[in-house]
Structure formats: C-alpha cells, structure tokens
Amino acid sequence: MEFFALVTWVCFFLGGTIAIGQPASIAFSETEGALNLGGAGQAPTIVIDSKDWAGVSRAGNDLANDFGLVTGTKGKVASSTLGISNGAVIIAGTIGKSPLIDSLVSAGKIDISNIKGKWESFSSALVEKPVEGVDRALVLAGSDKRGTIYAIYDVSEQIGVSPWYWWADVPPKKHTALYALPATKTQGPPSIKYRGLFINDEQPALTNWVKSNYGGVYNSQFHAKVFELLLRLRANYFWPAMWASKFHVDDSKNGPLADEMGIVMGTSHTEPMARADKEKVKPWDWKSNQNNLKKYMQDGATRSKNWEVVWTLGMRGDGDTGSPTLDAKTLVDVFTAQQSILKSTLDVSSLNAVPQMWCVYKEVGGYYQAGMKVPEDITILWSDDNSGNIQRLPISSEANRIGNAGVYLHFDYVGKYCPGDPRNYKWINTIQLSKTWQQMHLAHQKNATQIWIVNVGDLKPLEIPISHFLDMAYDISKFMTPDSTDRWLISWATREFGETVARGTAEVMATYGKLIIRRKYELLNMSPFLYSTSNYDEAEIVLHEWEDLQSKTQALYDQLDSTTQTSFFEMVLHPVMAGRIVQQVYINAGRNKAHAAQKRMSTNELAADVKAAYAQDSVIQKRYHGLLNGKWNHMMDQIHFGYNNWYAMLLFGSFFNNRVNTSNRQDPSSNTMPSVSTIGTTAPSSGLMGVSIQGSAASAPDSALSLLALDPYSPENRTIDIYARGSGTADFTITPSSSYVRVSPSQGTISYPSGTSTIRATISVDWASAQNGSSTSSITITPKSGTAVKLTLPLNNVAIPASFKGYVESNGVVAMEMAHFTDRTSSSSGASLEAVPNYGRTHSGLTLLPVTAGTQTTATGPSAIYAFYSFTSASSAKLIAYLPPSFNVNPSSPLKFAVSLDEGTAISSTPVPSSALGSMPSGWSESVINGARVVKIDLGKVDKGAHKLKVWLLEPGTVLHRLVVDLGGVKDSYLGPPESSKAGY
C-alpha cells in the first residue's frame, strides 16, 4: 500500500489519540460525559493505596509529573481518598494488592472479569461515586503489578508524554485541558509474555557516556532511567550490559530497584544463573571445575531468589565462545545441576511455573542438533544469525512444550570476524522495520511467544526499531498485515513530532530502511567497490537517493519548533545526514578511481569532495554531542569508517581477548578515510576534451564508443559526459545525424580548474518521427580544437499492442518490483500472496500469508502473475530472483518458490541450502553482507511478444525482493537494472 493511501488508516491505528495502537481514553476538548482531569491551574489527585506495590506508587508519581509537563500543573499523589475535597481523581491499583481497588470490586463499582488472573492486564473506566466524597473518578485496575503500571503509563502517553521524553528528548505535547472519556477499556495480556532489551557491545559510546554521567558505573541511577523507558514502552524484561560491568555487584541497589519497578531480570546467553560474565570463576570448564561452577551458580540463585527472574540456563565457553569440553551429554548434566539448584533454592517441587531460558546461540545449536533433550519447562530461545535473520523456529514436535519458545534478535552486533564474513555493526540505526515485521510476525505465528529480546547495543541510536519491536511484542494484533509497519510509522511520527510532519517522516524512515539494508556502513569499504560506476548510473543514482532523502528530511525538520527539532534530529535527521555523509565518502571515492582511469579532471574534484565530506562527518558528530548542553556527549563515539581491524578491543580487557581471536579484530582504533587519488593537469595530445558514456569504463577519443540502444521504453535516461582532461578551456558542439534525435545541451564549455569541468548531455528521441524498427544514428561531439568524437546510437522504434498490460522489455532486460504484479490467483484454502511495502533493497517484497497456511503446491497454491512484453528473442533466458538472507526456520520444510513462463512446467527453487543447526548455510556471508540472496533460474527460450511469468511461494516465510528476466542484456551491478517501464497500469 502506498503512503498516500495509508493516511486513511492513521485514525484507526492511533485509536484517536497519540498513543500508538491503544484505544482512546483521553480527549483534549470537552466531550459529553467526560471527566475534566486537568488544565492550567488544575491537576488530578492520583490515589494509590499505601499497601500497593512500590513500583505502582513510583509510576503514579511519574504520572503526576507528566500532568505538569503537559498542562503546567503537576498532579498530586495520595495514599487514600480521605480529605480529597474537590478536583479530579484518578484511582489506580492492583487487584489483590490494593484494598481500595478490591473494595471497588466488592461494591460492584468496577468489573474486573476480563482481566482478573491474567498476565499484565488492566481496565480503565470512569466510575460514579467510587468512594464517599468523590463524585467521579477515573479508575485504573491492574491484574498484577505491571498491569497497573502499564495502565498508569498508558494515561501518560495518551495525555501527550512520549515514552522517549527523556531518552530522545521528545517534548511533551502541551494541552490546555485533559478529559477522561466515558469509555471502559481493557488491555492485555500482551502477545509475548517476556519482552525486552539487551544492552550490549556498549563500548565505547554508552560506556563513555556513563562515565561522564554516572561515575563510570552502570548504577541504579542509570538503570532507573532504563527501567522507566522499558515500562513506558510496555516491556518487562532486561539483560544488563556485560562487557565490563556486573549488574548486581557494581551497585547493590540494582537488583532491588529492578524488582521494585517491576522489571524481570535476565542475563545473556553466555551468563547462566543470574550472574554476570565478569563474575565467572576460572577455569570456566564444567568437566575440570564442576564443584566451583556449581557454587557459582548456587550463589547466583541465592542472590536473586526473591526477585522476578527469567533464569538463563545452560553453558557456553568463556568470553562468548564455544567450549572445547562441552557436548550435548555434558550440557544435559549442566541443566540437571542448574534445575536442582533452582528447586532447592526457590523451594519448589516443580519448575513448571519458574521461568527458565536456554538460548540456542552459535555453537549451542550443534548440541541440540545432536539430539540433546531439553527439559520441557525450559524456554528454547531461538537466535537469529546476528543480522536479523531468525535461524530456527518451533516445529510441530516442539509446539506444546511447557516452556514454549522465544526469539533473540540483533539490532547491533560485535563478534568474531573472518575475512569475507559480515562485520560488526554498532554505530547508528541500520534496521529495516519491514524486515523486522516479517521475521517477528513469522515468529509469533510459529508460536515463539514466550520471550522476545533484542540486542540494542548502546540503546540510544536505536529508538525507532526498539519502539517498533516492543509494540509488536505487546500487541501483535495491530501488525497482522504487511502494510502495518508503514501505518505504525505514521502513528509513531505523529506521537513524537506531530501530525503535520507525520506522513513525511514515515516516508523518510521507510526509504531510509531500503537504503541501509543494501549494506551496513561498516561494510562499505569492502573491495571491490560496491556500486557500479559505469552501468545504470548506479553509484550516482544511489548518492542522489541519499541526497534527496536528506533534503526531504531537512525540510521536515525546518517545519518544527526548536524543542521538537532536537528529538527529530536525534532520531531522524541525524541518521539520514550522517548516513548520507558515509555513503558520499565511499561512493565518491569509488567514482574518483573510475574517473582517474578515464583521465577526467573531475578526479581531483571528487578527491576534494571526499575529503570535505569526511571532515563533515566529525562536524555532524559534534553537533549531536553538543545537543542540550552535551546531554548525549559520547553517544556517537563509535568508529564507522575504515573497518578492517579490531584494535580498539585491546583497550577493554581480557573479556574481549576471550570473546574473539586477536587475529580477527575488526574494529579500528580511529576513523580512516578511504584513499583517493589526484591526476596531473597536462592534457593528452588528442586534446583537452574527453567523452564517456553509460555502460562503458572507456573514454573517447582514446577508444571508439557506441551508446547503449535506446527505445521508447528505456527506463533510464541515455546520457553523454563531456569533460576536461587537463587544465584549460574547450568549447564544443553536439550534432546528431538524425533530425529526430535531440541532445541537450547541444553545446557548451568545459574548463579546469575554474569553471565546469564536466557537462552531462541527455539524449531524447521523437519516436513519432523516427524510423520504425531498428536503425542506427550517430552523435558527433566537436571541440573547437582537438579531436572530434563520433558516437554510434542504436535505436529501436518499437511498439506494444494497445491492449497490453505489464512490463516492457528494453535492452534485453525486464526488471520487476514485487508489488507491481499484473494479476493474482487465489487459493481455496484462503492463502494469498501479499506485497510487503518498503521491503528489501529497492521497493517491496512478496510473501505468503497467512504464515500458518502450510506448504503450498503449484496446483492449488496462490500465485502472482507478472506480464511482460519482449522485443528480443532469447534462446536461453535467465530469471534472476532476489531474496532476503533468510533461513529455513523449519529444516524439514525449507523456503521454496516456483516460477513458470506462459503456463509451462513450473520450475521450483529452494534458495537456502540446508545446514546443520549452529552453522551457516552456503552463501550466507555474501547474502548478509549484500542484504540479498541472489538465485538464477534457467527459463529456456523466450520468443518475441507477450509473456506471463507466474510466481508461487510454496513455503511460509519465503519472501521475494525482486525479479529480473535476463534476455541477454543484464550488465554487472549491485542492485540490478532499474525497474522496467510499465504499460496499462
């Protein structure tokens, strides 16, 4: 669905308020039957029984402050209704913990039948005369501690306080009046039971920031801010930073604070039994040091036994590595010991109600593959590949486990690097939200619903993907359709920045997702250079896309008031601006090398541009660090140019020496600009003027050039570059041999070092006057002095039938975007192929829904049809299919699609090779680095005329990015040819 159509959905998704996806309970103008909660000089009294949870009272105080942020008048918090003489009242409390709420239930004042006994649920209702002396009150009743806390923060969000008011400086929305609507609503239980974040890879940015603001320790003051954010985002689960910190030891208040506020603590996949990595005993080896390890684990259980914990079980090697002495049998012994410790320490006969987790991460998958039996009461936490691609999900034999299953996802990664493998990514946001939707929607539908946790690195630069991920985890019902991410973006932007810029901001971030999925910043310096500098104008077009995106983003920023501009800069403008700079540096460094080979004086201009852009990177960093008098100083300390080493890790202790081999370090100690070259200014003997064209790295007059063929359906402009090859000035004229061929400009002057060193001329054809069929014209570029250049121009004046609808071939290529199918066929089972907007590297994706539909066949499954018209006859055409770097999440039912041409025999493809759990399939590194797996299929002979390409997605989870029919004309490039022209749409 295009963005202009999405605006009709905004009111639905916003629920009429600025709380994302939540039913409205607050209005900003007087409404019949509503209760006036506050305004200038007026604020409610928030009543929370003194016997309720301390975390509930803490949230109540936050709500009182939030009223002050919105209206200018803070609310009051009271422990009873006694003495309240007038004014608005909000009563909040937990069923079974708040005598006040329980009395309202007993008196029949509130109905809790829809939430009682449920996990993290709440009701909200206006109640007449709830207690003596109070005429009306807004009553918030929670089924448990967090249910009540979420109810309180729901009001905060609805009155205009973003969950990111502190962490991203989103200004509260000012209102002169606030009214509680006369509607009863219930929320919960959440879609995912445990939903949370893992702060990891926190050097250097977050740790440097913590040093500046919290004395260098991840203490309770720091965690209070994090926990409040989690609760406002309706999350409940947390893995603390682990690189150089010890959550419980660094500050003895950390554990009690988490319990008080309602945060369920966990630890990472390499930190069993609620103990930090930095607390580990040595040697960390079960076979040789079992007694000491058991005591270590017992101490962890004892320390945290009275708090809410999801206990991490199992064991890995020291420093986030595999252990040479661990195998499936030994790990079962570890489980047995850990569960015995938990039973005795928690004094329970069964662990069925005790949340436990075993993360199937890296080499651990091999143990499971070997047939290891995991106790039924342990949640299996399936991991992605560190790059957002889930490796495995529950299969039928795992569907009814007591502990169920979950997913560990990465928005940030640091780890072992081998040449050719994906690298660290931990600078700024590089997450495509539509891909997160596809993977996590699949996970939910495959019943991985117990735990969702995501590695968020430094936390701060990942505000948008964090919000998206946690909103999905809280209420997946709002995310059941492929367009839900685009709708969510509009809702999110409305909440943070206001309705005026919401649609534009959503478009910006959706586009940003497509641009950064192509390759992460840390991988842009890999050789050879990423984008083609000769074919399809690819490098320049990509750079223009970034420049256009920044221009649109800046225009949105300029519409905002100064306070809102700060948060917009942090979350939207900065990643676009900083990302554009990195792209400009690498793209123009690549163009610099290409232009040097052609002896263009623009080589020197591009070298200067790269140096200037590289210098601008530090200016942008300083701007970020200077926000709000340095509030976020150090948050952009992460190196992001010149990744090829890991020297910086040497600074941070033995943990990192264990975590990765020293020979595999990939995080450089400082930013490094890519090399550029300059060339001399003496013109060659053939003259100052040089000429280059698309599709060729050669230049004239040194080489004879023939332009790529042009026809009425060519999707790209056909251009000529005329440029200086030394110091001096040269006038030139451009003369086509045919009257129906036009070139603009038809003359010009190139000059170096002053003036314009390069002029680009664009060719157009009056096809109504041109010769029908194939012909050849020529274009001559004549300098005032020097050698003239004559270019051959092949022309194909062809036409398609007026009734044809579909893609039109040009130059032996048909490039198709998945959302632009000509037709679809349906399935009697209700399965369908649906477009995923803003998915993949160029436009959209195609996927099979619902993902519970099961394996399909070409006989009965739904299909999408892509019609195309060919002017070229090819004896051996190829179909190039672009897919995401996904995994076969069900090994026995691998991802699969099929195609047929003109109702011929269907050709099936299983794009992802099978692999053992814990290892990566063939082609994984390349596909992750490139953001796409590319598959080629032989279509056989394709004659001239109209054709229909039918596509089936035969296994749920299969997604296609893009299709290209190669009739012999596809040229080397990274993204593939531009989308072909369409007729009849």
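What the table below lists for this structure:
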| item | result |
| --- | --- |
| Selection count where residues are of a type in the set (Asp, Glu), more than 30 Å from the chain's Cα centre (by Cα) and not in a strand (DSSP E or B), scope the stretch 943-985 | 1 |
| Identity of the residue in the stretch 80-97, at pLDDT 95 or above and either within 17 Å of Val161 (Cβ to Cβ) or touching a helix residue (DSSP H, G or I) at 6+ places or on another chain (Cβ under 8 Å) (or both), that ends up surrounded by the most Cβ atoms within 10 Å (Cβ to Cβ) | Ala92 |
| All positions within the stretch 207-246 that are touching a helix residue (DSSP H, G or I) at 6+ places or on another chain (Cβ under 7 Å), in contact (Cβ under 8 Å) with a residue 24 or more places away in the chain, among the hydrophobic types (A, V, I, L, M, F, W, C) and in a helix (DSSP H, G or I) | Ala224, Phe227, Leu231 |
| Test: Thr81 is under 26 Å from Pro172 (Cβ atoms), among the hydroxyl-bearing types (Ser, Thr, Tyr), in the same structural domain as Asp144 (by TED's automatic domain parsing) and not in a helix (DSSP H, G or I) | no |
| Identity of the residue in the stretch 1-50, crowded, with 19+ Cβ neighbours inside 10 Å and among the polar types (S, T, N, Q), that ends up modelled with the lowest pLDDT | Thr17 |
| Residues that are buried (at least 21 other Cβ atoms within 10 Å of the Cβ), under 35 Å from the mean Cα position of the chain (by Cα) and not in a loop (DSSP other than H, G, I, E, B), drawn from the stretch 266-299 | Asp277 |
| Scope the stretch 678-706; condition surrounded by 14 or more Cβ atoms within 10 Å (Cβ to Cβ), at negative phi and among the small types (Gly, Ala, Ser); matching residues | Ala683, Ser686, Gly690, Ser692, Ser696, Ala698, Ser699, Ala700, Ser706 |
| All positions within the stretch 413-428 that are at pLDDT 90 or above and out of contact with any His (no Cβ under 7 Å at 6 or more places or on another chain) | Tyr413, Tyr425, Lys426, Ile428 |
| Listing of strands (runs of 3 or more DSSP E) fully contained in the stretch 716-835 that carry 2 or more residues being assigned by TED's automatic domain parsing to the domain that holds Gln856 and of a type in the set (Val, Ile, Thr) | 813-817 |
| Qualifying position, being of a type in the set (A, V, I, L, M), buried (at least 18 other Cβ atoms within 10 Å of the Cβ) and closer than 25 Å to Ser826 by Cβ, among Leu967, Leu963, Leu975 | Leu963 |
| Which listed residue, of Thr481, Thr500, is surrounded by fewer than 23 Cβ atoms within 10 Å (Cβ to Cβ) and in a loop (DSSP other than H, G, I, E, B) | Thr481 |
| The lone exception for Asn455 - which of (1) of a type outside the set (A, V, I, L, M, F, W, C); (2) within 20 Å of Trp924 (Cβ to Cβ); (3) more than 17 Å from the chain's Cα centre (by Cα); (4) in a strand (DSSP E or B) it fails | (3) |
| Set Leu100, Leu104, Leu63, Leu126: member being assigned by TED's automatic domain parsing to the domain that holds Ile159, more than 43 Å from the chain's Cα centre (by Cα) and touching a residue at least 40 places away in the same chain (Cβ under 8 Å) | Leu100 |
| Hits in the stretch 168-202 (condition: within 19 Å of the chain's Cα centre (by Cα) and not in a loop (DSSP other than H, G, I, E, B)) | Arg195, Gly196, Leu197, Phe198, Ile199 |
| Where Leu351 falls short, out of the listed (1) more than 35 Å from the chain's Cα centre (by Cα); (2) under 18 Å from Lys287 (Cα atoms); (3) of a type outside the set (Val, Ile, Thr); (4) in a loop (DSSP other than H, G, I, E, B) | (2) |
| Residues of the stretch 312-341 satisfying the condition of being farther than 18 Å from His269 by Cα and either surrounded by 18 or more Cβ atoms within 10 Å (Cβ to Cβ) or among the acidic types (Asp, Glu) (or both) | Ile341 |
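Every residue, every condition in (1) in contact (Cβ under 8 Å) with a residue 60 or more places away in the chain; (2) surrounded by 14 or more Cβ atoms within 10 Å (Cβ to Cβ); (3) in a loop (DSSP other than H, G, I, E, B), yes or no:
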{"site": "Tyr882", "(1), (2), (3)": "yes, yes, no"}
{"site": "Ala898", "(1), (2), (3)": "no, yes, no"}
{"site": "Glu903", "(1), (2), (3)": "no, no, yes"}
{"site": "Val912", "(1), (2), (3)": "no, yes, yes"}
{"site": "Ser922", "(1), (2), (3)": "no, no, yes"}
{"site": "Val928", "(1), (2), (3)": "yes, yes, no"}
{"site": "Ile937", "(1), (2), (3)": "no, yes, no"}
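The values are calculated or read from the model by the stated rules, or taken from the named source; none is laboratory data. The structure presented is a predicted model; accordingly, all values stated were derived computationally and were not measured. A quick note on method: Cβ atoms are made from the backbone with ideal geometry, for glycine too, and the neighbour counts reach across all protein chains shown.
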